[in-house]
Amino acid sequence: MPSPSASSSPECLVALWAKSPQEARLTTGRGRDASMPARSRASTAPPYVRDRSQTGSSRWAASNPGGSPFGPGRATTSWGVFLKARRGRVPPSHAAPRPAPGRRRVAGLRRDEPARLAGISEPYLIRLEQGVDRHPSPQVVRALARALELDADATAHLFALAVPDPMRPSETEVTAHVHQLLDAWVDSPAYVRNRRFDVLAANKRARALAPMYGTGHNLAWDMFLDPGTRRLSPDWPEIAAQTAAALRAEADPRDPRTARLVAELEADEDFRRPWARHDARPSRDELKRFVHPVVGELALRRQALTVGGAEQQAVIVCQAAPGSPSADALARLP
């Protein structure tokens, strides 16, 4: 058993992102820093170490803000695990009209079946899944996406894993102009989050709608590990699955803070189930329902907007239909 200090290294945390939940059973140490720095409107987003001094809260303490960048090939490891997980979801009958009789030792497709469908050799697919070959051509990625029956979102995720963008420093400061924009939406909850789903800024209406929209919270952590957030969402199973799929699609597996977040979440079985499916689907403009303890039920249309000059940030605005009961409920928020 490795020591907690050794098992909490960035390399081990990357393995937690890349492995399936069955393979990664949280061998990391769980040390925490109880300090909570004062926050300003332009404060930096915290890494994923929960602050135990904040009882009943999902705020995070800042610990080891620098961290080491992930080593080369880590994204390719995630790519291989994604390939393996998704071929396990394709019914064998889709690879051949009459699959060979007898007991199959693997769920879904064997390696030779997607290799044949994609027009590549089985040894080459093995090298791709194991991270030995790290430079598949766009034609190979596209052929594998077809063989694995990936939709447009999952195909985009496969391409992103195969050819990741250069890793950029996390943008944690929200400009004064964006703060003014948030405050101008006096009737609509609005907040800014990053790719790790940290809330970086929020207007008064968003904070009144749900505590998870407060600056310093993490939306994925609150969705799965905060009981109050579960009570707010009557469609919690569906929203939770969407959150896991969006986190996989949008977050960078090379980011140490993202890996710490996933490691923390994998302690919860309700997270492990959707995470093991390897769905990848960015946040959509969709209807989201709430049951607020003061104003009752609300149905709000969520819109995601990009922030010019801060590509890793998104502005999320929740709007009620004009003249609807939800609009009346929003106006009554304390």
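The values are calculated or read from the model by the stated rules, or taken from the named source; none is laboratory data. Nothing here was measured: the structure is a model prediction, and the numbers come from that model. Here the Cβ is made from the backbone with ideal geometry for all residues, glycine too, and neighbour counts use every protein chain on show.
Yes/no matrix, rows are residues, columns are (1) free of Cβ contacts under 8 Å to residues at least 12 places away in the same chain; (2) among the β-branched types (Val, Ile, Thr); (3) assigned by TED's automatic domain parsing to the domain that holds residue 299; (4) within 28 Å of residue 297 (Cα to Cα):
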{"residue": "155", "(1), (2), (3), (4)": "no, yes, no, no"}
{"residue": "158", "(1), (2), (3), (4)": "no, no, no, no"}
{"residue": "187", "(1), (2), (3), (4)": "no, no, yes, yes"}
{"residue": "195", "(1), (2), (3), (4)": "no, no, yes, no"}
{"residue": "199", "(1), (2), (3), (4)": "no, yes, yes, yes"}
{"residue": "205", "(1), (2), (3), (4)": "no, no, yes, yes"}
Filter the range 77-94 for residues that are among the small types (Gly, Ala, Ser) and either more than 20 Å from residue 156 (Cα to Cα) or at pLDDT 85 or above (or both); the one that is surrounded by the most Cβ atoms within 10 Å (Cβ to Cβ) is 80
Test for residue 259: is it surrounded by fewer than 16 Cβ atoms within 10 Å (Cβ to Cβ), in contact (Cβ under 8 Å) with a residue 24 or more places away in the chain and either under 9 Å from the mean Cα position of the chain (by Cα) or within 19 Å of residue 85 (Cβ to Cβ) (or both): no
Mind telling me which of the residues 272, 231, 301 ends up being touching a residue at least 12 places away in the same chain (Cβ under 8 Å), over 11 Å from the mean Cα position of the chain (by Cα) and closer than 28 Å to residue 107 by Cβ? 272
